[in-house]
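Every number here is computed from the coordinates shown, using simple stated rules; none is lab data. Model, not experiment: these values are computed from the prediction. A quick note on method: Cβ atoms are made from the backbone with ideal geometry, for glycine too, and the neighbour counts reach across all protein chains shown.
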Amino acid sequence: MQKRVLSPLGEHSTIASTLWSIGLVYSKRPDYKRALANFEQALQMYEMMLPCGHDQIIKILSAIVDVDIAKRNFHKASEFCKTKLNYCMLQLEEDHPSIGKMYILKGYIAFKCGDYDEALKSFQKAMQILQKHQKSEYDSIFDCLKYLVETAKHKEDHFDAFKYLSLAEKVQKKIYLHEQPQVGELLRQAGLVYMHFKTYRVAEDYFREALRVFRSNFREDHPDVKTTLEYLNKVKEIQHRY
């Protein structure tokens, strides 16, 4: 069998992909120091090979931010995101979808820091950009809407929470089949929103449907099944109490 010879670019791409995969393994253990080292090496290589704002680069940026947040290095995560966003804005048009995705990341950091006003502004800015690219960016729009739901919930904004939830449900129907796990995730999120605003009977219905979707995809010991069942039991207990 003839030995496959990689070009220098192909070899670097393979190394970067391997570093990324190793980083993911370490982040799940969790061994954040080794995860971060691998992510940063992968990022450095990808930034030499791929255009600014490439999806793979944004995935690694998100992973690095997740590690910093897990280590409670909120300031570092924020400054890192700000630097990368500013760089992208110099290289790309202001309404480029990658700029929108960077604003999602910025909003995510603000949300984790408990700065819900700043999170809301960033997510809304992301939506303004991504809606101009609806046909190719439905997944990112869906993610952004879910973050907007959570942000509105934490701000105790009943109207906006349900407004964004309704929009997320419309997008979900366009991009996911009825039994996919992402559908279960949104159903569970809807249940949490209704439970937060004390509409317990509706929350129970959403949790039941989410549980059905998760059980059609996973075993009983899967975290999504177990977590959703816990929420269902909790909301049933609350109703029984009253």
Roughly what would the spin-label model give for Ser21 and Glu237, points 7 Å off Cα along C-beta, in nm? 4.2
Relative to the compact-globule estimate 2.2 N^0.38 Å (N residues), the Cα gyration radius of the chain stands at a ratio of 1.13
For a quick check of your reading of the filter: which trypsin sites (Lys or Arg not before Pro) in region 172-211 sit in a DSSP loop and have no more than 15 other Cβ atoms within 10 Å? Lys198
Row for region 93-174, column shape: gyration tensor on C-alpha, a ≥ b ≥ c, rounded if a/c < 1.5 i.e. under 1.5, prolate if a/b over b/c, else oblate; value oblate
Additional length obtainable on full extension of the chain from His75 to Asp117, 0.36 nm per residue less Cα span: 13.4 nm
What do you get for GluC sites (Glu not before Pro) in region 141-242 restricted to DSSP loop and a cutoff of at most 16 other Cβ within 10 Å of the site's Cβ? Glu156, Glu179, Glu220
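Given N residues in region 1-144, what is Rg(Cα) / (2.2 N^0.38 Å)?
Numbers: Rg = 16.3 Å, N = 144, 2.2 N^0.38 = 14.5 Å.
So the Cα radius of gyration is 1.12 times the expected 2.2 N^0.38 Å.
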Based on the alpha-carbon gyration tensor of region 155-242 and its eigenvalue square roots a ≥ b ≥ c, which shape applies: rounded if a/c is under 1.5, prolate if not and a/b is larger than b/c, or oblate? oblate
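If you wrap a convex hull around the alpha carbons of region 9-68, what volume per residue comes out, as a whole number of Å³?
So the per-residue hull volume is 63 Å³.
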Mind giving me the nanometre distance, one decimal, between the label points for Glu93 and Tyr138, set 7 Å out from Cα along Cα→Cβ? 2.3
First measure r as the distance between the Cβ atoms of Asn86 and Gln131, then evaluate 1/(1 + (r/R0)^6) with R0 = 22 Å and state the FRET efficiency to the nearest 0.05. 0.45
GNM result for the chain, Cα springs below 10 Å: residue of Met49, Met127, Met102 fluctuating most strongly: Met49
Between Pro223, Pro181, Pro97, which gets the highest mean-square fluctuation from a Gaussian network model of the chain, Cα cutoff 10 Å? Pro223
